[in-house]
1. Condition check: of a type in the set (Asp, Glu), surrounded by 14 or more Cβ atoms within 10 Å (Cβ to Cβ) and modelled with pLDDT of 95 or more. Does ASP89 satisfy that?
2. Name every residue in the range 26-71 that is touching a Cys at 6+ places or on another chain (Cβ under 8 Å) and either in a loop (DSSP other than H, G, I, E, B) or aliphatic (A, V, I, L, M) (or both), in order of residue number.
3. Does the range 74-85 include one or more residues that are open to solvent by 40 Å² or more (accessible area, probe 1.4 Å) and part of a strand (DSSP E or B)?
4. Tell me which of these THR77 doesn't satisfy, since it passes every other one: (1) within 13 Å of LEU19 (Cα to Cα); (2) hydroxyl-bearing (Ser, Thr, Tyr); (3) without any contact (Cβ under 8 Å) to a residue 40 or more places away in the chain.
5. Taking the range 92-105 only, how many residues are within 14 Å of the chain's Cα centre (by Cα) and open to solvent by less than 60 Å² (accessible area, probe 1.4 Å)?
6. Which condition number in (1) over 17 Å from GLN118 (Cβ atoms); (2) out of contact with any Gly (no Cβ under 8 Å at 6 or more places or on another chain) is the one that ARG71 fails?
7. Among the residues of the range 13-34, are any open to solvent by 60 Å² or more (accessible area, probe 1.4 Å) and under 15 Å from VAL92 (Cβ atoms)?
8. Is it fair to say GLN115 is open to solvent by 60 Å² or more (accessible area, probe 1.4 Å), touching a Leu at 6+ places or on another chain (Cβ under 9 Å) and modelled with pLDDT of 95 or more?
Amino acid sequence: VQLQASGGGLVQAGDSLRLSCAASGRTFSSYRMGWFRQAPGKEREFVAAISGSGVTRNYADSVKGRFTISRDNAKNTVYLQMNSLKPEDTAVYYCAVASPGGSYYDISRYNYWGQGTQVTVSS
């Protein structure tokens, strides 16, 4: 099982980025997937999650209204559209697959992780 995150980069405040996370080795259409981020010196935090069907989406308060999570199960890929980026969004972003049950924001429920992609937002 592998998750490959991509799409990070260096942008200015107010710009947009779209992250992608391609899963291989298994079909994840039945599983919740999430995005987390970790800034230097801080703990990894929840950003967004999406149910297997794509119907249910959850966001951290800090990104609500600016970020949109989506998925394409035919491509085994989850996306994170990030608009109106702020310097405080700077972090390494990780995608992950959750085991069934539990809370969408509970990092311990996510048992497969991608390698992370760096997002840097300059002011």
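The values are calculated or read from the model by the stated rules, or taken from the named source; none is laboratory data. Since the structure is predicted, the reported quantities are computational estimates derived from the model, not experimental observations. Here the Cβ is made from the backbone with ideal geometry for all residues, glycine too, and neighbour counts use every protein chain on show. Keep in mind that these areas ignore ligands, DNA and RNA; they rest on the heavy atoms of the full protein, side chains included. Shrake-Rupley method; radii C 1.70, N 1.55, O 1.52, S 1.80 Å.
1. Here the answer is yes, as ASP89 does meet what is asked.
2. Answer for the range 26-71, where residues must be touching a Cys at 6+ places or on another chain (Cβ under 8 Å) and either in a loop (DSSP other than H, G, I, E, B) or aliphatic (A, V, I, L, M) (or both): just MET33.
3. Looking through the range 74-85, at least one residue is open to solvent by 40 Å² or more (accessible area, probe 1.4 Å) and part of a strand (DSSP E or B).
4. Only one criterion in (1) within 13 Å of LEU19 (Cα to Cα); (2) hydroxyl-bearing (Ser, Thr, Tyr); (3) without any contact (Cβ under 8 Å) to a residue 40 or more places away in the chain is unmet by THR77, namely (3).
5. Adding up the residues that qualify gives 7.
6. With (1) over 17 Å from GLN118 (Cβ atoms); (2) out of contact with any Gly (no Cβ under 8 Å at 6 or more places or on another chain) applied to ARG71, the lone miss is (2).
7. Checked the range 13-34: no residue is open to solvent by 60 Å² or more (accessible area, probe 1.4 Å) and under 15 Å from VAL92 (Cβ atoms).
8. no
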